[in-house]
1. Checking the structure you have, find out if any residue of region 290-309 is touching a helix residue (DSSP H, G or I) at 6+ places or on another chain (Cβ under 9 Å), more than 18 Å from VAL39 (Cα to Cα) and at pLDDT below 95.
2. I need a count of the residues in region 216-234 that are within 9 Å of the ligand (Cβ to nearest atom) and either surrounded by 22 or more Cβ atoms within 10 Å (Cβ to Cβ) or of a type in the set (Ser, Thr, Tyr) (or both).
3. List the strands (runs of 3 or more DSSP E) inside region 1-117, counting only whole elements, that have at least 3 residues being within 14 Å of the ligand (Cβ to nearest atom).
4. I'm told ARG135 meets every condition in (1) within 16 Å of the ligand (Cβ to nearest atom); (2) buried (at least 21 other Cβ atoms within 10 Å of the Cβ) except one. Can you identify the failing condition by its number?
5. Identify, please: which residue in region 190-207 is more than 10 Å from the ligand (Cβ to nearest atom) and surrounded by fewer than 23 Cβ atoms within 10 Å (Cβ to Cβ) and is, among those, farthest from SER231 (Cα to Cα)?
6. Give me a count of the residues in region 151-169 that are surrounded by 21 or more Cβ atoms within 10 Å (Cβ to Cβ) and closer than 26 Å to GLU308 by Cα.
7. Can you report the number of residues in region 240-265 which are crowded, with 23+ Cβ neighbours inside 10 Å and touching a Ser or Thr at 6+ places or on another chain (Cβ under 8 Å)?
8. Of everything in region 270-295, what is open to solvent by less than 60 Å² (accessible area, probe 1.4 Å) and assigned to a helix (DSSP H, G or I)? Give them in sequence order.
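The values are calculated or read from the model by the stated rules, or taken from the named source; none is laboratory data. Keep in mind the model is a prediction, meaning the values are calculated, not measured. FYI the Cβ positions are ideal-geometry reconstructions off the backbone, even for glycines, and counts take in every protein chain you see. The protein model used for the area step is the full one, side chains on, heavy atoms only, and it has no ligands, DNA or RNA in it. Shrake-Rupley method; radii C 1.70, N 1.55, O 1.52, S 1.80 Å.
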Amino acid sequence: MTPINSTTSTPPRGRFAPSPSGRMHLGNIFTALMSWLSVKSREGEWILRIEDLDPQRSKPEFVAHIESDLEWLGLEWDEGGSADMGPHAPYSQSSRGDLYESILGRLEATGLTYPCYCTRADIMATQAPHQSDGRVVYAGTCRISPPAHPTRKPSTRLTVDDTDITFSDAIAGIQSFNLARECGDFILRRADGAWAYQLAVVADDADMQISEVMRGNDLLLSAAQQIWLYSLLNHKAPEFAHLPLICNAEGLRLSKRDNSLSMEALRQHMSAKEIIGRLACIAGLTPEPIPMTPNQLIPLFSISKLRELPQIIRINPAEFQSIPINRD
Ligand code: GLU
């Protein structure tokens with residue numbers, strides 16, 4: 001794997017991969033800004049991929065909001081988006097089923113996949129212990145004793161080895177997860193035919209030649225699952241860089257309930273430069289929250305500053321509601 005700060009002949013390729021299930025909030029913008037700066041500070045390319053795998057939750061109007069918010073902030077993408085700009089089109093996951101189908105075929109050829117007939121309720125009722133974050137480790141029921149007369153359509157699961165996946169995250173440092181203990185066999189395709197995030201994200205990052213995956217550190221365990229997929233597909237994994245999570249005053253990860261920190265509210269109270277300036281200060285790139293454009297921040301960006309941040313960044317919504325004096 002190429003270290004993130006090394007000089008390579010090919011420019012880095014990063015991506016922002018929002019799920020269009022609502023308006024973006026401050027946490028999404030923090031991720032977008034940092035990943036944009038990380039590649040732009042090394043003359044790389046930034047790809048906008050629309051992760052609209054969930055047909056019930058994804059809405060075209062949210063894609064339009066995401067794009068207008070990114071443009072308003074000055075975070076222009078080089079490839080992708082709803083206009084499908086670039087050589088790896090389409091850039092919306094809902095249109096990339098053929099690729100996922102072929103990747104599933106390759107994974108099936110390893111002999112490590114199996115049909116799983118368990119419902120969520122079955123799993124919740126029989127598997128223990130539950131992880132503290134609500135995650136359930138699947139015990140491999142349908143692999144160990146497949147039902148003789150299944151009555152429902154199966155999902156497709158991937159067997160994981162009882163092995164430690166260790167990787168060096170460019171922000172979070174050395175990470176190690178035991179796949180069998182901490183994650184369990186995971187789903188590649190749901191019983192209703194929907195593609196699972198892990199399969200789609202690996203298929204897409206590989207196909208789009210992404211060299212750096214920067215996102216929130218709630219996806220650290222997913223990185224281990226993704227590295228497992230890369231190894232089965234014989235493909236080099238990208239560099240991973242997991243950012244601290246932006247949380248509300250109670251220390252909870254921002255969600256749709258934190259209305260005051262949604263882009264809709266933020267755009268009513270602040271200019272793009274003010275929001276960017278505050279995020280840059282939160283990231284430790286500037287000592288004061290001075291209004292700035294993303295372009296002005298390029299020379300100030302350094303991934304080593306992100307390594308010094310706490311795992312969780314608590315935001316006081318009040319800081320994003322008042323109109324600062326130095327508005328321009
Ligand atoms: N679509 C995911 C999200 O919006 C991001 C996944 C990723 O960056 O790998 O949380």
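1. So far as region 290-309 goes, no, none of its residues is touching a helix residue (DSSP H, G or I) at 6+ places or on another chain (Cβ under 9 Å), more than 18 Å from VAL39 (Cα to Cα) and at pLDDT below 95.
2. Final tally of qualifying residues: 3.
3. 13-16, 45-48
4. Only one criterion in (1) within 16 Å of the ligand (Cβ to nearest atom); (2) buried (at least 21 other Cβ atoms within 10 Å of the Cβ) is unmet by ARG135, namely (2).
5. Checking each candidate, the answer is ASP192.
6. The qualifying residues number 1.
7. 2
8. ALA272, GLU274, ILE275, ILE276, GLY277, ARG278, LEU279, ALA280, CYS281, ILE282, PRO294
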